[in-house]
Structure formats: structure tokens, C-alpha cells
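Engineer: Pasting a structure below so you can have a look.
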């Protein structure tokens, strides 16, 4: 079920730990990188590969917010809703994104292009409000410039 | 002014390269420690007065000296850098990680030598993509130059997310590939830590101090400060101020100097109302505390905490109840769910605060929130997450009581027409 490439990347991560199963989060991240999310099938394959039950691994996978157990869009928007961004206008930026994309927090656009999720503090509070689209960070946002980002992305 | 941690960080946003770091005297502290016994390195760090920069402010040398030494000590021993910066309003470790990763690696080499650790991990915030990329490059370079590999292995673990991973024992569970639930203490990590072995966990800023202490000595280090605790501190200010930012300044710089000089004061049209001195888990301070030196001892003396030293400023146009709701929603969401006061209490706190914002707050709700602030305080929970949540809640209820009452009498958020709705 796991591809040869996934297996070789997971094996490399396993070398960093004294216990094989400790690499389970790295393994989930690898599968997610290749497939976009972690399906039940993929979860079972990872569990078998690192040596734990699928039930236990699901308990771990669902604990962490960067492991997706549901399909997400090609671009995942993570908008910071913590205190500094709140003070600096998070609500307005979020509302603008929601109206631009026609989705609410936690939803994916019908074309599977964007998923909108909240995230805790991104550690860039002097340039709040901030958000990430996949691996890229955007800051100093307001109602006007946030729409620009989507036109470029 | 002396800014050992940040003086070489480039203004163009690039990281200090290995080549430049070496030219600037980088990795020089390794030759200093090579002439010292490991326990003497720990003693020097203890005597320097360095206190952990993650927020709790425990003596770094004290923590190091709790690691068992000698032939009978269990091996391998582990050193972990806690780079899981997620305290809302805190943006200091990102600066050090992105700006000067080699300084951190050198600090880890010093610490690992002192406690005789052979394996180390950098547990880094998963969202800090640029920091991860730069750390990976720097670690690779340190291996190829021979700084790493001979005595110390170093690995990077990008966190899969969750604030609770910043708690030492939850971090160890996360690193072991388990749910990040805090462990019972004692035993403390230096005795029984990750994979059951002696483990030392230190914050990025803490470790970045070590090369400078070794190179320049403890008298120099103590003289950097103008407060009670030694060294410099990376402070920051966010909110509606003229120049939000982070600066390395003498430990003990007052909150007023940070706000009025470095952050340039309030933005035009905004008035200062209160601040959280060091992240979401600290007490609100009103103007009467602004002249407090921002160091661990001075803040403890007046019954409060500095936390991470990155302040969040509340202005007169932002709803204090709304700010508390943002804070408590965060804590509710990030509770690991292990113990009842935190799991159940924070949900109720967030729900009651939300009811105020909807205009449905009632008289008895204030007393109910006060009760929760007390029950979530130190001593009733497994870890410090809920007491952290209780800090702004308890002080917020005390200082902004009139604002809560306005929400009740007006049956709406009085700030609803402004910025946030």
C-alpha cells in the first residue's frame, strides 16, 4: 500500500529514533506530503509499517492539527486567530476570505482548490494579522491586500 | 549596547551562513569547553545566573545539574531544544531560528558536552517552514565541518502541531510518537525523560546564550543586565503601537521603555488600556505596573510573571471581553483533555465569554467566571496550561468588571460596531 518512495523516506526517518514506532508522526507527514491527506487505508498501511495498531495510530493522528484525516484542497489556508491577530483585525480578514472563496472556516471550495482552517499563533505578531497558504507566510494583512494574495496564488 | 544574540542577524532576512559565522568567531566556545570538565561547564552556567527563556524562568544551570553524571548514569542521555514556539503573542524564537541557526547548534553543543548527552533533537514548530529549512541546512553543515557527529548526533523533529507540545513532558511524548499528554512529575525529565533516559530540555533563546557565556565569562554576562537577573532578553511588543517589533535589550528593561521608546507608543487614535507582559499565559498589567523591570525576580516580587517577555497591548478600541474570549478559546482548543478542570472548565469559560459577546451575559456569569479562574489556578491541574489560562482570566475579570457589566446592561458587545465584527 505504501509506495517504494514513501517506504524509503520513512526508513530514513526511523534511523533518527531508538524505537521504530516513534517515527509514526514523521511517517504520517510523509504520506500526507505525497497524497494530500491521510486516508483510512493509508493510516492502516503506516500503522502496519511502523508496528502499531491502526486504532492507536488514529488516536495519535487525530490529536495533532497538522495531520489531515479528511481530504483538503490543493492549497490549505491557515489563518491565525490568536490574540495579537485578533486585536489587529483577524475578524475582518477572515470575513473577506470567506466571502472571496464562498466557504467558512473548516470548509473546502467545491473545486478542491482551497481549504480554510484556523491556526494558533504563527509567531509573527509584530506583523499581524497573518496567515499561511501551504508553506508560505503572509503578514500585515487587511481587507484590501488579502484579496490580492488569492489573485496571485 | 551589547546584543550578543542578535548583533550578527542580517537585516536582509538571510540567515548567517556557516562561512560568516566562523569568521565572526562562531564555534569558538567549543575550544573553551574542551579545556573544562563537563561539571565545570554546568557550574559556570549556574554561576552566570542564566534563567530559562521559555517563560518559566528556572535556572538553566540548576536544570543541567539535575542530570545524573558519571559512569552509573543511564545512557544515552538526550538534549532537546524546545523550538515549539506557540505561546500567543510570542515571536522571539522565530527570529533566532531563522536568523542565526548556527548559534543555536553551538549552544546545544555546549549544553550536550556539560551533561554528556550523545543524542539531541530540535523540536520545532511545524509551521516554521523557513526555520526548519535553515536548521536542516545548518545541521548538515555542522556535520560536514565535524562539529556534529563525533560526540553528538542532532536531529530535527517538526512538530505535528498542538500548543501542549511546548510542555516538557508532553513534548517528550510527542517525540516518542504518542499523544502529547503531560506526564506526572516527579520524576522530572533530567532523571527519567524521553524513552526513559535522562533528558534536558531548553528553549531556543536559552541555548543561544551559552556560547557567549563561555566565550566572555560570567562577569561580562551579568553586566549585560540592568535588572536582577543576568544577560540580555529578547522582548517584543504587538498590538496597536506605532512600531511593533522585537528587540534584544538588557534584562530588566521596564515595560514602559518597551512600550514608549522601542515600540514608539500607541498608534494615533488609540489609548493604552492594559497589556499582557509575556504571552497569553500572563496576568494583565494596568499602567501602574509599567515601571516594573521586566525580569523574572522583579515581576515575581510584585506577584506576577514576565512569561516570554513579548507583550501584547490592549487598546481602548478593542473589547477586553472579546480579547479574553480569543485567549480562552485558544486555551480551550489546545487543552490536551487529560485532566477534568482544564478539559471541562475551559470549555465553560469560553462558552460564557462567548455569551457575553452575543449579548446574552447575565449577572451571575461574572461570579461563575471568577470561580473558574480560581479552580483552574495552580495546584488543581496536571500541568501549567490551565493556570496559564487562569492568569489573564482572573486579572481581566478584576480590571474590566465594568466592561462585563456594560455587555450585560446593553445586551450587546459595546465594541461591536468597531474593528472586529
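Engineer: Can you compute the modelled spin-label distance between residue B:380 and residue B:35, with each label point 7 Å from Cα toward Cβ, in nm?
Structural biologist: That separation, rounded to one decimal, is 5.6 nm.
Engineer: How do the peptides A:121-134, B:336-349 rank, highest first, by the average count of neighbouring beta carbon atoms within 10 Å per residue?
Structural biologist: A:121-134, B:336-349
Engineer: OK, next. Over the Cα atoms of segment B:40-97, each weighted equally, I'd like the Debye log10 I(q)/I(0) at q = 0.29 Å⁻¹, rounded to two decimals.
Structural biologist: Rounded to two decimals, the profile gives -1.19.
Engineer: Expressed as an acute angle from 0 to 90° and rounded to the nearest 10, what is the orientation of the C-alpha long axis of helix A:4-14 relative to the principal long axis of chain A?
Structural biologist: Value to nearest ten degrees: 90.
Engineer: Roughly what % of DSSP beta bridges within the protein assembly as shown run antiparallel, to the nearest 5?
Structural biologist: 45 percent
Engineer: When the Kirkwood hydrodynamic radius is evaluated over all pairs of different C-alpha atoms of segment B:116-202, what value in angstrom, to one decimal, is obtained?
Structural biologist: 13.8 Å
Engineer: From Cα pairs below 8 angstrom and at least 6 apart in sequence, can you work out the relative contact order of chain B, rounded to a whole percent?
Structural biologist: Reported as a whole number, the value is 15 percent.
Engineer: Based on the mean of other beta carbon atoms within 10 Å per residue, what is the order of B:155-163, B:135-143, B:400-408, most packed first?
Structural biologist: B:155-163, B:135-143, B:400-408
Engineer: Which log10 I(q)/I(0) values does the protein assembly as shown give at q = 0.09 Å⁻¹ under the Debye formula, counting every alpha carbon as one identical point scatterer?
Structural biologist: Here log10 of I(q) over I(0) equals -0.68.
Engineer: Could you give log10 I(q)/I(0) at q = 0.11, 0.17, 0.18 Å⁻¹ for segment B:222-316, computed by the Debye formula over C-alpha point scatterers of equal weight, without solvent?
Structural biologist: Here log10 of I(q) over I(0) equals -0.26, -0.63, -0.71.
Engineer: OK, next. So what are the radius of gyration and Dmax for the Cα set of segment A:98-147, in Å?
Structural biologist: That works out to 11.5, 34 Å for Rg and Dmax.
Engineer: Which of B:65, B:31 has the fewest other C-beta atoms within 10 Å, and how do the rest follow up to the most?
Structural biologist: Sorted ascending by nearby Cβ count, the order is B:31, B:65.
Engineer: OK, next. Starting from the Cα of residue A:69, step 7 Å along the direction of its Cβ; do the same at residue B:219; then give the gap between the two resulting points in nm.
Structural biologist: In this crude label model, residue A:69 to residue B:219 measures out at 6.1 nm.
Engineer: As I understand it, the value is the acute angle between the Cα axis of helix B:340-357 and the longest principal axis of the Cα atoms of chain B; what does it come to in degrees, rounded to 10?
Structural biologist: 50 degrees
Engineer: Starting from the 7 Å offset along Cα-to-Cβ, what nm value, one decimal, do you get for the label separation of residue A:112 and residue A:100?
Structural biologist: Going from the residue A:112 label point to the residue A:100 one covers 2.3 nm.
Engineer: Could you tell me the largest-minus-smallest coordinate of the C-alpha atoms of segment B:283-401 on each of the three principal axes, in descending order and whole angstroms?
Structural biologist: 38, 36, 21
Engineer: Averaged across A:57-69, how many Cβ atoms of other chains sit within 10 Å of each residue's Cβ atom?
Structural biologist: 4
Engineer: Shifting gears a bit: What is the Cα centroid distance between segment B:6-46 and segment A:122-152, reported in whole angstrom?
Structural biologist: After rounding, the separation between the Cα centres reads 34 Å.
Engineer: Next question, about the same structure. What length, rounded to one decimal in nm, is gained on full extension from residue B:417 through to residue B:370, with 0.36 nm per residue of separation minus their alpha-carbon distance?
Structural biologist: Working it through step by step, the gained length comes to 14.1 nm.
Engineer: Test of understanding: ordering B:20, A:135 by Cβ neighbours within 10 Å, fewest first, what list do you get?
Structural biologist: Starting with the residue having the fewest Cβ neighbours, the order is A:135, B:20.
Engineer: Sticking with this structure for a sec: Highest first, please rank the peptides B:187-193, B:309-315 by the mean number of other Cβ atoms sitting within 10 Å of their residues.
Structural biologist: Answer by packing, highest mean first, reads B:309-315, B:187-193.
Engineer: Based on the Cβ-Cβ distance from residue B:347 to residue B:286, what FRET efficiency comes out when R0 is 35 Å, to the nearest 0.05?
Structural biologist: E between residue B:347 and residue B:286, to the nearest 0.05, is 0.75.
Engineer: Using a 10 Å cut-off on Cβ to Cβ distances, tally the other chain neighbours for every residue of A:84-97 and report the average as a whole number.
Structural biologist: 5
Engineer: Binned at 10 Å from 0, what are the whole-percent values of the Cα-Cα distance distribution for chain B, short to long?
Structural biologist: 5, 22, 31, 25, 12, 4, 1, 0
Engineer: How much of the calculated P(r) for segment B:101-140 lies past 12 Å, in percent of all Cα pairs?
Structural biologist: Percent of Cα pairs beyond 12 Å in segment B:101-140: 61.
Engineer: If you project the alpha carbons of chain A onto the principal axes, what extent comes out on each, in Å, largest first?
Structural biologist: Its Cα atoms span 49, 33, 25 Å along the three principal axes.
Engineer: Separate question: I'd like the orientation of helix B:385-399 relative to chain B: the angle between its Cα long axis and the longest Cα principal axis, in ° from 0 to 90, rounded to 10.
Structural biologist: 40 degrees
Engineer: Would you mind giving the three semi-axes, in whole Å and largest first, of the ellipsoid equivalent to segment B:41-185 according to its Cα gyration tensor?
Structural biologist: Gyration-tensor ellipsoid for segment B:41-185: 22, 19, 16 Å.
Engineer: In cubic angstrom, how much convex hull volume per residue do the alpha carbon atoms of segment B:138-281 span?
Structural biologist: Convex hull volume per residue, Cα atoms: 187 Å³.
Engineer: Okay, moving on. Can you give the mean number of other chain Cβ atoms that lie within 10 Å of the Cβ atoms in peptide B:122-130?
Structural biologist: For peptide B:122-130, the averaged partner shielding equals 4.
Engineer: Relative contact order for chain A: what percent, with Cα pairs under 8 Å and sequence separation of 6 or more?
Structural biologist: So the answer I get is 19 percent.
Engineer: Project the alpha carbons of segment A:1-87 onto their principal axes and report the range along each, largest first, in whole Å.
Structural biologist: 45, 27, 24
Engineer: Could you tell me, in Å, what Rg and Dmax come out for the Cα atoms of segment B:166-216?
Structural biologist: Both quantities, over Cα of segment B:166-216: 13.2, 42 Å.
Engineer: Follow-up. Express the relative contact order of segment B:283-421 as a whole percentage, based on alpha carbon pairs under 8 Å and six or more residues apart in sequence.
Structural biologist: The value is 29 percent.
Coordinate-derived values only; no laboratory data. In this text, all values refer to a predicted model and were calculated from it rather than measured experimentally. All Cβ positions, glycine included, derive from the backbone under ideal geometry; neighbour counts span all protein chains shown.
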